[in-house]
1. Describe numerically, in nm with one decimal, the distance between label points set 7 Å from Cα along Cα→Cβ at LEU81 and at GLN134.
2. What is region 57-160 by shape, rounded, prolate or oblate, if you read a ≥ b ≥ c off the alpha carbon gyration tensor as root eigenvalues and call it rounded for a/c under 1.5, prolate for a/b larger than b/c, and oblate otherwise?
3. For the chain, calculate the relative contact order in percent as a whole number, restricting contacts to Cα pairs under 8 Å that are 6 or more residues apart.
4. Most fluctuating residue of ALA94, ALA80, ALA52 in a GNM of the chain with Cα springs under 10 Å: which is it?
5. Where does the chain land at 222 nm, in deg cm²/dmol rounded to the nearest 500, when only DSSP H runs of n ≥ 4 count, each adding -39500 (n - 2.57), divided by all residues?
Amino acid sequence: MFTVLEIVIGVLYASLAEWLLHKYVLHGVAGSVSRDFQASHWIHHRAVRKYALYDPRYEKPFWHWEVRGKEIVAVWLLLALHTPLVFVAPAFLATIVTFGFSYLYLHRKMHLQTGWGKRWFPGHMEHHLVGNQQHSYNVLLPIWDYLLRTRAKDTKRKKK
C-alpha cells in the first residue's frame with residue numbers, strides 16, 4: 001500500500017515539477033539563471049511553428065548543447081538532486097526517474113514524429129500551435145494544466 005502511495009505522489013510531484021519549470025523557468029520570470037534556457041526554449045518554439053511541430057534540432061546527437069543537450073542535463077541534474085530519497089522513498093524516486101526519462105524520450109519523439117505527437121499528446125501540440133503559447137505547460141500528463149486551468153481549452157473558457 002505504501003509503495004502505491006509513493007508512486008501516485010511521485011507522478012503528481014513529477015508532473016507538477018514539469019508544469020512549474022516549464023511555466024516559470026522556460027516561459028516565465030525565473031531571472032537571469034534561466035535566460036539561457038528561455039532563449040533556447042523560444043528557439044525551439046519558433047522552429048516548431050515554422051516546421052509544423054517538427055524540430056530539426058532533435059535530430060542532432062544528444063551531446064549538442066542546444067535544445068536536447070540542455071534538456072538532458074537539466075533533467076539529469078534534477079533527478080540527481082533527488083537520489084538521497086532512495087533510502088526513504090525508493091518507489092517515489094523510481095517514479096520520478098521513470099517520469100524524467102520518459103519526458104526526454106517522448107518529448108523528442110513528439111517533435112520528430114509529429115503525427116504521432118498530435119495523436120498521443122494533443123495538449124503539448126496545442127501548447128505550440130494555439131494562440132500565444134502561454135498555456136498547456138504539462139508535456140506528458142496534463143494533470144496540472146487541468147487542475148490549474150492552463151490547458152489551451154480551459155484558457156479559452158476563462159475568456160467567455
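Every read-out reported here was derived from the displayed coordinates using simple, explicitly stated rules and does not represent laboratory data. This is a predicted model, so every value here is computed, not measured. Cβ atoms come from the backbone with ideal geometry, glycine included; neighbour counts cover every protein chain shown.
1. A separation of 2.5 nm, rounded to one decimal place.
2. The shape class here is oblate.
3. Taking the mean separation of contacting Cα pairs over the length of the chain, I get 28 percent.
4. It is ALA80.
5. Computed mean residue ellipticity for the chain: -20000 deg cm²/dmol.
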